[in-house]
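Visitor: One structure follows; several queries about it will come next.
Since every read-out is calculated from the coordinates, none of them should be taken as a lab result. Bear in mind that the values here come from a model prediction, so they are computed numbers and not experimental data. Here the Cβ is made from the backbone with ideal geometry for all residues, glycine too, and neighbour counts use every protein chain on show.
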């Protein structure tokens, strides 16, 4: 009997899926997302996958032995603040940590605003009246200075639950990562009083320095926990009804998947997990194609996501922004801007055309969807320029309405005094310029020129814009994967089971290094315990150790691999110091190291990986370069940057075969997306059915 694996990625606009059988054959499906009841969209996607395979959804799930889901449920809850009413218990004198945050905030997603006149307070995750203090104090060494009063804890907890109606409680005490005893006692008291209440303590969620980031991570974890419980409960029950017999897994933002039980303990780890599947897929495909340095870009309905892969390694952010909230979450580094197919065009107070960051999302969606959207979007511009065929969107599964697109775009066109073609082309060019600048910024910020990278572009909207973006950046090679429109789902099936733990501890030369080794041992034991609970066989696993190191007196740290199981003072002074200086100079420039400067370890990290069964990738025979057999017609298209109507050949993307080459200008219309090939650009299909662009 054929066995299948399924990856489902739930995006803001579409839900994407891939199914893979044990012979390496793969199928894809894309359906509209169904917020706020995302489970319905997942089931619709499974049903669509089953149709592609040629069996019923029950047969597909009965024969499926691995189901991985990347979900936006947690991310959306945080961005929209559609979260549980949460209380926060903290050390007396620290009630204002959440209000002070990191100083002033800009009105967008950026960190500190230096101009005090532009300060914008961050939204309240916990209302001030629901933040309570208790008498207790632990010092920086972990010694208890003021013991916890259990009776006082009972009083404040009763008030939070019975008078203020909180649905979850977060506990974040000063220096609890050095001594968690008081937090553990508070959790025990709450569970005695209210056994079913969600309780999250920072010493379990994120035992790290920087009390704001630790507190924010713990509060968000508590606030989204009920949301994830409902999501998981609904999905688990429905897929079982349809015949699925195995545990399903959830993608987390640190680059692996975890069990449902593990995810429910740390729901915050799922925030931003969707784009990470694409990064894993980009790195996997890059290795297959011999590409070490890759700029992975994902253009969906809402965002344009960028990740830099150097020497087939993606980087991590040790402190991650979730919307306007800075957390202590470690995630695969993905930079997002509000630029996608659903991005809304508008004029700023100066009368300048802008696109994004607001998006029409899945509902109502772009005006051309005919679901009530009335604001002009990038997708509407595609339709009006005839880059998209309204009768063949997603292979004809969805019909688009050009008249509605025109009506929406006319509002902006009237304000600009332009016709619809010029306005649509302007929308296109603004978004392309935004995307190019974002890609340049991400690469240069890490010390690289984008010209030295191959761009791997995926997502539903990438194929219509990426050629023009890369022209601006002078990038010479672009790869558009076979399953590019559903590539994050494709990446889920190339992901490994992974557990990550971090613990703060400060070590400098001359101090006892024993506690560092003990933390390494304790975190390694946690990883192995997780493996055992998940039924993971140890022969397929690997454990990696790292230390966060900085110069004494500096604020930011770098994560350095630790190769030896038992760390010595000589290791820190020798190999670790040298590796730190090498990475420091690579990031900040030659000559920036502080020669002889004292360093300190501030965090210890352990990652456990259980490697998934390798996925075979089929190669097809190379055909003739002549694409004429896939030519299906021609139409007039208003070409951006040419700014005139030109008759362009249209090729059937489902009939293009490996070896065929197409010269621009041309359009390639497939079942899931349309590829725009501009003038002076060549498109070629390789043996793995990836589309390669050269300039």
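Visitor: Each label point is 7 Å from the Cα along the Cα-to-Cβ direction; what then is the distance between the points at residue 159 and residue 265, in nm?
Guide: Here the modelled spin labels are 3.3 nm apart.
Visitor: So between residue 565 and residue 542, what do we pick up on full extension, going 0.36 nm a residue minus the alpha carbon distance?
Guide: The span from residue 565 to residue 542 would gain 7.0 nm if fully extended.
Visitor: Show that you can apply the helix-only estimate: for the chain, add -39,500 (n - 2.57) for every DSSP H stretch of four or more residues, divide by all residues, and state [θ] at 222 nm to the nearest 500.
Guide: For the chain, the value works out to -9500 deg cm²/dmol.
Visitor: Using alpha carbons only, how many degrees (0 to 90, rounded to 10) separate the axis of helix 211-241 from the longest principal axis of the chain?
Guide: 60
Visitor: Here is a further query. If one computes P(r) from the Cα atoms of region 392-524, what percent of pairs lie at distances over 24 Å?
Guide: Value for region 392-524 (Cα pairs over 24 Å): 60 percent.
Visitor: Can you give the % of DSSP beta bridges in region 272-495 that are antiparallel, to the nearest 5?
Guide: 75
Visitor: For region 36-102, count all C-alpha to C-alpha pairs, find those more than 13 Å apart, and express that count as a whole percent of the total.
Guide: Above the 13 Å cut-off, region 36-102 has 76 percent of its Cα pairs.
Visitor: Within the P(r) computed for region 628-694, what percentage of the Cα pairs occupies the region above 13 Å?
Guide: The proportion of pairs with Cα distances above 13 Å equals 62 percent.
Visitor: While we're here: Based on the Cβ-Cβ distance from residue 418 to residue 371, what FRET efficiency comes out when R0 is 30 Å, to the nearest 0.05?
Guide: With a Förster radius of 30 Å, E is 0.70.
Visitor: Ok, one more. Once you have the Cα-Cα distance between residue 22 and residue 135, take 0.36 nm times their residue separation minus that, and quote the gain in nm to one decimal.
Guide: 34.8 nm
Visitor: Determine which residues of region 638-674 fall in the zone a paramagnetic label at residue 621 would reach in this model, i.e. backbone nitrogen under 18 Å from the point 7 Å along Cα→Cβ.
Guide: So the set is 655-661.
Visitor: If you don't mind, another one. Report the antiparallel proportion of the DSSP beta bridges in region 573-695 as a percent, rounded to a multiple of 5.
Guide: Here the antiparallel bridges make up roughly 85 percent for region 573-695.
Visitor: Spin-label point model (7 Å from Cα, Cβ direction): what's the residue 445 to residue 646 distance in nm?
Guide: Each label point is offset 7 Å from its Cα along the Cβ direction, giving 3.5 nm.
Visitor: Can I ask one more? Does anything in region 333-368 have its amide N under 12 Å from the 7 Å Cα→Cβ label point of residue 120, and if so which residues?
Guide: The answer is 357-358.
Visitor: Now for a separate question. For region 114-220, what does the alpha-carbon gyration tensor say about shape, rounded, prolate or oblate, given a ≥ b ≥ c as the root eigenvalues, a/c under 1.5 as rounded, and a/b over b/c as prolate?
Guide: Note, shape of region 114-220 comes out oblate.
Visitor: I would also like to ask the following. Kindly identify region 272-495 as rounded, prolate or oblate by the Cα gyration tensor criterion: order the square roots of the eigenvalues as a ≥ b ≥ c, call it rounded if a/c is under 1.5, otherwise compare a/b with b/c, prolate if a/b is larger, else oblate.
Guide: It comes out prolate by the Cα gyration axes.
Visitor: Okay, moving on. How many times 2.2 N^0.38 Å is the alpha carbon radius of gyration of region 497-610?
Guide: 1.15
Visitor: In region 30-50, which residues have a backbone nitrogen under 15 Å from the label point lying 7 Å from residue 363's Cα in the Cα-to-Cβ direction?
Guide: Zone members listed by number: 32-44.
Visitor: Could you tell me what percent of the DSSP beta bridges with both partners in the chain are antiparallel, to the nearest 5?
Guide: Counting DSSP beta bridges with both partners in the chain, the antiparallel share is about 75 percent.
Visitor: Here is a further query. What is region 364-487's relative contact order, in percent, from Cα pairs under 8 angstrom and six or more apart in sequence?
Guide: Result for region 364-487 is 19 percent.
Visitor: For residue 246 and residue 611, what is the calculated FRET efficiency with R₀ set at 22 Å and r taken between the beta-carbons, to the nearest 0.05?
Guide: 0.75
Visitor: Further question: Tell me the angle of helix 38-53 to the major Cα principal axis of the chain, expressed in degrees between 0 and 90 and rounded to the nearest ten.
Guide: Taking the Cα atoms of the chain, the angle to 38-53 is about 50 degrees.
Visitor: Sticking with this one: Using only Cα atoms, tell me the angle between helix 577-588 and the longest principal axis of the chain; keep it within 0 to 90° and round to the nearest 10.
Guide: Rounded to the nearest ten degrees, it is 40.
Visitor: In µm²/s, what is D for region 254-349 at 37 °C and 0.692 mPa s, where D = kT/(6 pi eta Rh) by Stokes-Einstein and Rh is the Kirkwood radius from Cα pairs?
Guide: After rounding, the answer is 223 µm²/s.
Visitor: Quick one: if you take sqrt(5λ) for each eigenvalue of the C-alpha gyration tensor of region 387-461, what semi-axes come out, biggest first, whole angstrom?
Guide: One finds semi-axes of 31, 20, 8 Å for region 387-461.
Visitor: Between residue 585 and residue 293, take the C-beta separation as r, use R0 = 25 Å, and let me know the FRET efficiency to the nearest 0.05.
Guide: 0.85
Visitor: How big is the equivalent ellipsoid of the chain along its three axes, where each semi-axis is √(5λ) from the Cα gyration tensor, reported in whole Å from largest to smallest?
Guide: For the chain, the semi-axes come out at 44, 28, 27 Å.
Visitor: What Kirkwood hydrodynamic radius do you get for region 274-328 when you take the inverse of the mean 1/r over all pairs of distinct Cα atoms, in Å?
Guide: Value: 12.2 Å, from the Cα pair sum.
Visitor: Per 0.36 nm of contour for each residue apart, how much would the distance between residue 629 and residue 194 grow if the chain were fully extended, relative to their Cα-Cα spacing?
Guide: Contour length minus the Cα-Cα distance gives 149.7 nm.
Visitor: Expressed as a rounded percentage, what relative contact order does the chain have, with Cα pairs under 8 Å and six or more residues apart?
Guide: 12
Visitor: Then there's this: For region 431-470, what are the per-bin percents of Cα-Cα distances with bins 5 Å wide, up to the bin holding the maximum?
Guide: 5, 24, 32, 25, 12, 3
Visitor: Testing the spin-label approximation: label points 7 Å from Cα along Cα→Cβ at residue 686 and residue 636. State their distance in nm.
Guide: Between residue 686 and residue 636, the label points sit 3.9 nm apart.
Visitor: Normalised by the number of residues in region 497-610, what is the relative contact order in percent for Cα pairs under 8 Å and 6+ residues apart?
Guide: 49
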